[in-house]
1. Normalised by the residues of chain B, what does the relative contact order come to in percent, with Cα pairs under 8 Å and at least six apart?
2. Rounded to the nearest 0.05, what FRET efficiency is calculated for residue A:160 and residue B:210 with R0 set to 41 Å and r the Cβ-Cβ distance?
3. Taking each residue in B:154-164, count the Cβ atoms of any other chain within 10 Å of its Cβ, then average. What number comes out?
4. Could you tell me the accessible area of residue A:77 in Å² (1.4 Å probe, neighbours in place), rounded to the nearest ten?
5. Note every residue of segment A:166-185 with a reduction of at least 10 square angstrom in accessible area, all protein chains present versus the isolated chain, computed with a 1.4 Å probe, or write none.
6. List the accessible area buried at the contact between B and A, summed over both sides and calculated with a 1.4 Å probe, in Å² to the nearest 100.
7. Per-residue HN-Hα couplings for segment A:177-191, Karplus 6.51 cos²θ - 1.76 cosθ + 1.60 at θ = phi - 60°, whole Hz, x for Gly and Pro?
8. Using a Cα-Cα cut-off of under 16 Å, which lysines could be cross-linked to residue A:11, ignoring same-chain neighbours fewer than 8 residues away?
Amino acid sequence: MNTKAYALYKKDLYSELRTRYAINALVMFIIVAISVILFSIGNEKISQNLTSGLFWVVIFFSAMSGLARAFVSEEERGTSLTLHLIAAPSTIFSGKLLFNLILVFCMNIIIAILYAALFDSFVINNFALFVVSFILGNIGIAASSTIIAAIISKAGAKGTLYPVLSFPILLPLILTVVQLTLLSNQGANFGDAKFELAIVFCYDVIMLTGSYLLFDFVWKD
Amino acid sequence: MFWKISLFIILAFVSIAGIAFPIVPVPHTWYEFPLIPGLKENAKIIFFHVPTAWLSSIAFLMSTLYSIKYLRKKNLDDDAKSYAAAQLGIIFCILATITGAVWAKFAWGSYWSWDPRQTSIFALLLIYGAWFALRSSIESEEKRATLSAVYSIIAFLTVPFFVFIMPRIMIGLHPGAESIEGGKVVQTASPVVNFKMNGNMLAIFFLSLIGFTILYFWMWTIGYKSILIKEKINKQSIQE
């Protein structure tokens, strides 16, 4: 099962590297979103509270524009039936989740670097806390958005429906990671943030388990 | 027929009692409510606002339970039941949001202040909205039932975060949340019921909850039956 999932991930990666469909669009999207924020800020000095919120706003909308591809592209090319033949649903989900995880990590590292370079108030004082919350947050985003992508790939009006369906599911995660980013910017230690870290960790575990259990029903129809 | 008449009597009594019974500093007779400092007449919202909020979450729970049942048995009747529950749920959710917001303007000074409970009812409203948007975008009946069932289960997984966790980490205004009293963050009396209500106020509050819950189940039965009949007629007209 693991080798098949890995093969599926490699297939997605190669086809992505050849066409660069998602990567090009995503990089441009990130640049546009950040420059819109920079233009609207102008010369004002914005608070750390606002910066850590805006950081996750950009991440959320970039994820919404890029992550739906995983399943929608299979439906568009008509290759989902072939996938049905070669692998079990959980294997397919693992492969797609792995690809989305890598995509989310690459995308968010770019966003984090750009933020650190362009925003004066985005100063990370507790780097370890930031990294831990960043990793946990990314896993949560990838897990929830992969299962929602599977749902919308079977529905009409895919592009508009994706953020609408994902936002309520991601809301508890985003509220907590915004808090965590703020804490790491203020230089809080792990003891102050343990409750928030526990919430994000629980969210990741619940969403991963739930989406593995439910993916069977979405995939078989 | 008997229970319909008694339901009417319960709800009529609750409406009259909830609106018209006077609030006095020291209650002497059974129809006088005690004065709660800081709330005064505003305290009466509890008889109508809490049942609507309660029903919007009960409807969400029922919709999810029937979604799980649908995924197990693949019986389209369960999907109709889940749909009828969600239809009522969104109505009660809107009512709870509006009554709460109007009340908050008078009691707390602004319509909306992102208190944890307000955040969670907003999330519930978004979930209902997304659920109906998803349903309307799928044409095949079975597919629609399966995908919306999966979505409602995933959405239900986030409920513990809103109900149990957010009120504990965010500063809130509702009873049960953390609040600031005298410069210190304290945990106020946890469930809504614990706060300064006397016996007759509690009795009317629970009577109102029971009355609204029966009303909900009645509306829900009519709702899903009408959906089933509509589908039957559609199928007949296709066959002819």
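The values are calculated or read from the model by the stated rules, or taken from the named source; none is laboratory data. In this text, all values refer to a predicted model and were calculated from it rather than measured experimentally. For neighbour counting, all protein chains shown are included, and Cβ atoms are generated from backbone atoms with ideal geometry for every residue, glycine included. To get the accessible areas, we keep the full protein, side chains included, count just its heavy atoms, and leave off ligands, DNA and RNA. Shrake-Rupley method; radii C 1.70, N 1.55, O 1.52, S 1.80 Å.
1. 24
2. 0.45
3. On the way: counts 12, 3, 1, 10, 11, 1, 4, 9, 4, 0, 0.
Mean inter-chain Cβ contacts per residue within 10 Å come to 5.
4. Accessible surface of residue A:77 is approximately 130 Å².
5. A:167, A:168, A:169, A:171, A:172, A:175, A:176
6. Accessible area lost upon association: around 2400 Å².
7. With coefficients 6.51, -1.76 and 1.60, one gets 6, 4, 4, 5, 5, 4, 4, 5, 5, 7, x, 6, 8, 4, x Hz.
8. Result set, ordered by chain and number: A:96.
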